[in-house]
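See below for the structure under consideration.
The values are calculated or read from the model by the stated rules, or taken from the named source; none is laboratory data. Owing to the predicted nature of the structure, the values given are computational and were not obtained by experimental measurement. Positions of Cβ are backbone-derived with ideal geometry, glycine not excepted, and every protein chain shown enters the neighbour counts.
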Amino acid sequence: MGIPEIMCGVVLTGHGGLEKLEWRDDLPVPKPGKGQVLVRVHAAAVNNTDINTRTGWYSKSVRGDTASGADGGYGSSADADGSWSGVPLTFPRIQGADCCGEIAAVGEGVSRSRIGERVLLRALQAPADNEEDMPIATLGSESNGAFADYTVVTGTDAIAIHSNLSDVELATFPCAFSTAEGMIQRVELGAERVLITGASGGVGSAAIQLAKRRGAHVTALTSPSKAQDLIALGADNTLGRDDAFPERSFDVVIDLVGGPRWPDLIEALKNGGRYVTAGAIAGPIVELDLRTLYLRDLTLVGCTYQPANIFTDLVRYIEDGEIKPVVSDTYRLQDLRDAQEAFLAKSFVGKIGIKVVEELKQFSN
């Protein structure tokens, strides 16, 4: 298949509601520069970060949960720092942190033998030209992502994948599973007792599988209607979101929720326990008694940056069949608004996939 000059995709035109997502059929196909590859996108998926970036929730001006602005955004006050990096985004922006596709073209310095390679793209990347400690750039935020026919990344961020899983199934791994694996490696989780919040979501359900892979005893925090699904994924037991947490019972808490019950999570840790977070869907502002922190020798860890091995480890787990995708539903790319509405309803377990390759066939002429 030749490479066209124009492609289809969904662009984010600014921070705000779903009306900020626009289907376009006149987008220029990007050109790979030195060290880069052009990827023909086959499938993507929906993540919390897509919603949070659209609404501007990452802005320090926002103090509420992620649902409070999901429909209409958080207003102009979020424009100045509503991105992962805190640097204002430029629009239009093609979102999409998850991507499974194939390399269609290569830039200078990348072997042409890679053309045709099936790849997964790192969702969280470490740009070489950034001199900060632990630099981070997110696909679909700091750079254009997978909600289009083509995207460009550095060759080192396109990792070959050899698997019998479908494109949509593979596309549900990169963001959620690498986030979960990053947290698990950061706190060096072993055969210990772990509590996972937000356990029915993409990152939470990934964390269940990845924690069990390491021999952990997993307690999943979820709604009762989803409990059996999480047991089937490997959770040893579940807690309801309003249940009392057993005090001083867990070696590790993997938290994606934050919010008003955050102090209860800290009390649920054993002395010397470790808490790690990569999300705050119930609210980012919490109360901590520092005496609890130091008198009980607790460790609190924030986790975003991912060393290069996180993603390559993940690809190895997929290829070895050690983890499995959890796909709740699949939408076409031009129905991305509907997919995000379904995502916001939170009535599913795992991920919502996005088919892109069908749009290539349907809209290429």
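For the stretch 266-276, state whether one or more residues are surrounded by fewer than 12 Cβ atoms within 10 Å (Cβ to Cβ), at negative phi and not assigned by TED's automatic domain parsing to the domain that holds THR66. Scanning the stretch 266-276 turns up at least one residue that is surrounded by fewer than 12 Cβ atoms within 10 Å (Cβ to Cβ), at negative phi and not assigned by TED's automatic domain parsing to the domain that holds THR66. Scanning the stretch 319-343 for residues that are more than 25 Å from ALA220 (Cα to Cα), in contact with a strand residue (DSSP E or B) (Cβ under 7 Å, 6 or more places away or on another chain) and assigned to a helix (DSSP H, G or I) gives LEU333, GLN334, LEU336, ARG337, ASP338, ALA339. Checking each residue in the stretch 252-307 for being among the polar types (S, T, N, Q) and in a loop (DSSP other than H, G, I, E, B) picks out THR304, GLN306. When GLY145, GLY215 are checked against the criterion of being crowded, with 22+ Cβ neighbours inside 10 Å and either part of a loop (DSSP other than H, G, I, E, B) or touching a Ser or Thr at 6+ places or on another chain (Cβ under 7 Å) (or both), GLY145 stands alone in meeting it. Note on the stretch 1-27: residues that are assigned to a strand (DSSP E or B) and either exposed (fewer than 14 other Cβ atoms within 10 Å of the Cβ) or in contact with a helix residue (DSSP H, G or I) (Cβ under 6 Å, 6 or more places away or on another chain) (or both) total 9.
You will find that of TRP57, TRP84, the residue that is buried (at least 24 other Cβ atoms within 10 Å of the Cβ), aromatic (Phe, Trp, Tyr) and within 20 Å of the chain's Cα centre (by Cα) is TRP57 and no other. For beta carbons closer than 6 Å, sequence separation of 6+ or different chains, a first residue in the stretch 344-365 that is part of a helix (DSSP H, G or I) and a second that is modelled with pLDDT under 95, the qualifying pairs are LEU344/ALA70.
Per the conditions (1) of a type in the set (D, E, K, R); (2) surrounded by 15 or more Cβ atoms within 10 Å (Cβ to Cβ); (3) part of a helix (DSSP H, G or I), the sole criterion not satisfied by ARG316 is (2).
Could you count how many residues in the stretch 28-51 are in a strand (DSSP E or B) and either out of contact with any strand residue (DSSP E or B) (no Cβ under 8 Å at 6 or more places or on another chain) or surrounded by fewer than 19 Cβ atoms within 10 Å (Cβ to Cβ) (or both)?
First, the residues of the stretch 28-51 that are in a strand (DSSP E or B): 28, 36-45.
Next, from what is left, pick out any that are either out of contact with any strand residue (DSSP E or B) (no Cβ under 8 Å at 6 or more places or on another chain) or surrounded by fewer than 19 Cβ atoms within 10 Å (Cβ to Cβ) (or both): 28.
The total comes to 1.
Of the residues making up the stretch 89-105, those that are more than 20 Å from the chain's Cα centre (by Cα) and either more than 9 Å from VAL37 (Cα to Cα) or assigned to a loop (DSSP other than H, G, I, E, B) (or both) are THR90, PHE91, PRO92, GLU102.
Checking the structure you have, find out if any residue of the stretch 186-203 is charged (D, E, K, R), outside any loop (DSSP other than H, G, I, E, B) and outside the structural domain of VAL37 (by TED's automatic domain parsing).
yes
Before we move on, is GLU108 farther than 17 Å from THR55 by Cβ and not in a loop (DSSP other than H, G, I, E, B)? So GLU108 does not fit the description; no. Examine the stretch 113-131 for a residue that is surrounded by fewer than 21 Cβ atoms within 10 Å (Cβ to Cβ), basic (Lys, Arg) and without any contact (Cβ under 8 Å) to a residue 24 or more places away in the chain, and state whether such a residue exists. No, every residue in the stretch 113-131 fails to be surrounded by fewer than 21 Cβ atoms within 10 Å (Cβ to Cβ), basic (Lys, Arg) and without any contact (Cβ under 8 Å) to a residue 24 or more places away in the chain.
Only one entry in SER347, SER328 is hydroxyl-bearing (Ser, Thr, Tyr), at pLDDT 95 or above and surrounded by fewer than 21 Cβ atoms within 10 Å (Cβ to Cβ), namely SER328.
I need a count of the residues in the stretch 1-26 that are within 27 Å of TYR58 (Cα to Cα) and either free of Cβ contacts under 8 Å to residues at least 12 places away in the same chain or touching a Cys at 6+ places or on another chain (Cβ under 9 Å) (or both). Count: 3.
Is there a residue in the stretch 155-167 that is in contact (Cβ under 8 Å) with a residue 40 or more places away in the chain, small (Gly, Ala, Ser) and not assigned by TED's automatic domain parsing to the domain that holds ALA104? No, the stretch 155-167 contains no residue that is in contact (Cβ under 8 Å) with a residue 40 or more places away in the chain, small (Gly, Ala, Ser) and not assigned by TED's automatic domain parsing to the domain that holds ALA104.
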